[in-house]
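Down below is the structure, laid out as structure tokens.
The values are calculated or read from the model by the stated rules, or taken from the named source; none is laboratory data. Here the structure is a predicted model, which is why all the values come from computation and not from measurement. Glycine also receives a Cβ, built like all others from the backbone with ideal geometry; neighbour counts cover every protein chain displayed.
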Amino acid sequence: MKWSYRAVMLATVLTAAARLGWVRARRRRAAQEADRWLVVTVNRAPTDVGIQGAPPKPLDRFGDELEVRVRPAPGDHGTELAARIRRPVPPKAASWPARLAGRDPRQEVRTALREAKALLETGEVMLPDYPPTATGGTPAGKLVGWISRRSGGEGVL
Amino acid sequence: MKALCWEGVNKLSVEQVPDPQLRNDQDMIVRLLAGTTCGSDLHLISGYVPAMQAGDVIGHEFIGEVVETGADVRRHRVGDRVVVCSFVGCGRCWYCAHDLWSLCDNTNTNPGIGQALFGYESAGIFGYSHAMGGLRGSHAEYVRVPFADYGAFAVPEGIDDTSALFVSDSVPTGWMGADLGGVTPGDTVAVWGCGAVGQMAARAAFLLGAERVISIDRIPERLAMTQRFAGSETLDYTSTDVAAELRERTGGRGPDVCIEVVGMEAHSDGPMHLYDQAKQRLRLQTDRPTAVRQAIHACRKAGTVFVLGVFTGAVDKFPLGAVVNKGLTLRGAQMHGQRYIPMLLERLAAGELRTSHLATHSFPLERAPEAYDMFKHKTDGCVRAVIRPGT
């Protein structure tokens, strides 16, 4: 009886310790995620990207809300253009509802970074075809349409 | 205008859709002269590429006449006859600047889908699902061509529409397999697949100096066509042991370069085929890599396997051990057409390449579903069905 009591206690303590470690690791990761720079590499010289210290269009419209960093990329890769939201944003793992609704602040920044890169490299942002031909009437079709609409603000930046 | 629309798994129909519009200053609108069926379209039609919506226009290999240009188009004028690369490249991102056009950073308007699937997205392609940008396809009366100065090429006088049509996709894809597969003079090259791209890969291997090319398929008329027009030896995998034949024909070494041109719906006559089909139908794997496995096993030590066939996701029983322990180079790519098309048009004009034989059948746009049915089931010796709007 005594031994089984000790075993239960030991298991409880070990489980609690493991859980605490897992929670701490998750918090650390969430803090990193919230603080992470979103980055694109632009095939232009740094002087073309950070024009007179101002962020390139359309990142300039965020004003002080955004921290923008420009630095040369290694080799012949051009220039790294990075942006980070100054105000606290919820960690990615907790932002699913906002992401699904298209209201996660990172989505807007990702789109702006991609557009800035396209404008700097090609002079335009390629638009999808219009008018669309898809009727998208089925549930699967609607899902594809919804994913496509979110796609510009999502991804691995 | 009329267009061929995907309406669901194995359902195609010709529908009335709105005309395309210029959306950017570097766009142009092309009136279609001809387009062709492509094996990769069959994966869309069969539902193995999931990001399709009912009403999507399919088709990506085409030739046409310029009817409208955006304000910033410099290299083309209304009336030009152009062949258009199936992949859209901006011409100025790092990938385009390094001739890796199908990896363009700026032409897939749905980058999040590709990034979720592959880590990074590929370039946009005409008529090939919303994962690849959701651009309208070319089986229509008109199509919008973004970044037209980089993706459209004037067809020289003297090259007919049918011959030039295949320079849009099949010829550069085949050429790329031999080129990036590293074919060098004296090599023995094995090519899995005797469709249009496989034939072009075989021909390209010879033009790059290969001493022997051995092509593998099961369809008699395709094997005969490859022998006749590409000049390669052929193997019918239903009547012989391919691995043993290749060993025997290469002095026991195996081919120096193996090019796989079959893709995710591969067939074979062994029990693995049944296993792969069952797993694919149950969605336990997305692709059937039968020919890739064979190529990896057959390739000589320290040789190269180039995967040209279309794959979209994950495969099972992939022989990674053979790749490592035989010191193989394994490469794959979608088609960097802009890199090759001008050179290929010159070779076509010089008579070094022939493509018109690939067009075994011709259909008006109104009968495009019939063309795909014939192409899919390979009836009446169909290698490629050419779809001609306005006929």
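Summary table
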item	result
Test: residue in the range A:130-151 that is of a type in the set (S, T, Y), surrounded by fewer than 21 Cβ atoms within 10 Å (Cβ to Cβ) and part of a helix (DSSP H, G or I)	no
Residues within the range A:98-134 that are farther than 30 Å from B:L12 by Cβ and in contact with a strand residue (DSSP E or B) (Cβ under 8 Å, 6 or more places away or on another chain), tallied	11
Inter-residue pairs, beta-carbon under 9 Å, first within 9 Å of chain A (Cβ to nearest Cβ) and in the range B:107-125, second of a type in the set (F, W, Y), 6+ apart	B:T107/B:F87; B:T107/B:F147; B:P111/B:Y120; B:G114/B:Y120; B:G124/B:F87
Checklist (1) within 14 Å of chain A (Cβ to nearest Cβ); (2) not in a helix (DSSP H, G or I) applied to B:A34, failing item	(1)
Listing of strands (runs of 3 or more DSSP E) fully contained in the range B:131-193 that carry 1 or more residues being within 13 Å of chain A (Cβ to nearest Cβ)	B:142-145
Filter result for B:A205 (of a type in the set (A, V, I, L, M, F, W, C) and within 19 Å of B:G174 (Cα to Cα))	yes
Any chance B:T184 is touching a Leu at 6+ places or on another chain (Cβ under 9 Å) and surrounded by fewer than 17 Cβ atoms within 10 Å (Cβ to Cβ)	yes
Filter result (more than 14 Å from every other protein chain (Cβ to nearest Cβ), surrounded by 13 or more Cβ atoms within 10 Å (Cβ to Cβ) and either in contact with a Phe, Trp or Tyr (Cβ under 9 Å, 6 or more places away or on another chain) or within 16 Å of A:D35 (Cα to Cα) (or both)) within the range A:66-86	A:L66, A:E67, A:V68, A:R69, A:A82, A:A83, A:R84, A:I85
Residue count, the range B:90-142 (criterion: among the acidic types (D, E) and at positive phi)	1
Verdict on B:R281 being over 23 Å from B:T360 (Cα atoms), basic (K, R) and surrounded by fewer than 16 Cβ atoms within 10 Å (Cβ to Cβ)	yes
Selection status of B:V84, within 11 Å of another protein chain (Cβ to nearest Cβ), under 22 Å from the mean Cα position of the chain (by Cα) and aliphatic (A, V, I, L, M)	no
Selection from the range B:307-320 of residues that are part of a loop (DSSP other than H, G, I, E, B), in contact with a Gly (Cβ under 9 Å, 6 or more places away or on another chain) and free of Cβ contacts under 8 Å to residues at least 60 places away in the same chain	B:F311
Tally of residues being surrounded by 12 or more Cβ atoms within 10 Å (Cβ to Cβ) and outside any helix (DSSP H, G or I) across the range A:87-102	5
Selection from the range A:116-139 of residues that are closer than 30 Å to B:G8 by Cβ and within 7 Å of chain B (Cβ to nearest Cβ)	A:M126, A:L127, A:P128, A:D129, A:Y130, A:P131, A:T133, A:A134, A:T135, A:G136, A:G137, A:T138
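Conditions tested, residue by residue: (1) surrounded by fewer than 20 Cβ atoms within 10 Å (Cβ to Cβ); (2) modelled with pLDDT of 95 or more; (3) β-branched (V, I, T).
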residue	(1), (2), (3)
B:M1	yes, yes, no
B:Q21	yes, yes, no
B:L32	no, yes, no
B:S40	no, no, no
B:D56	no, yes, no
B:E68	yes, yes, no
B:D80	yes, yes, no
B:S86	no, yes, no
B:H98	yes, yes, no
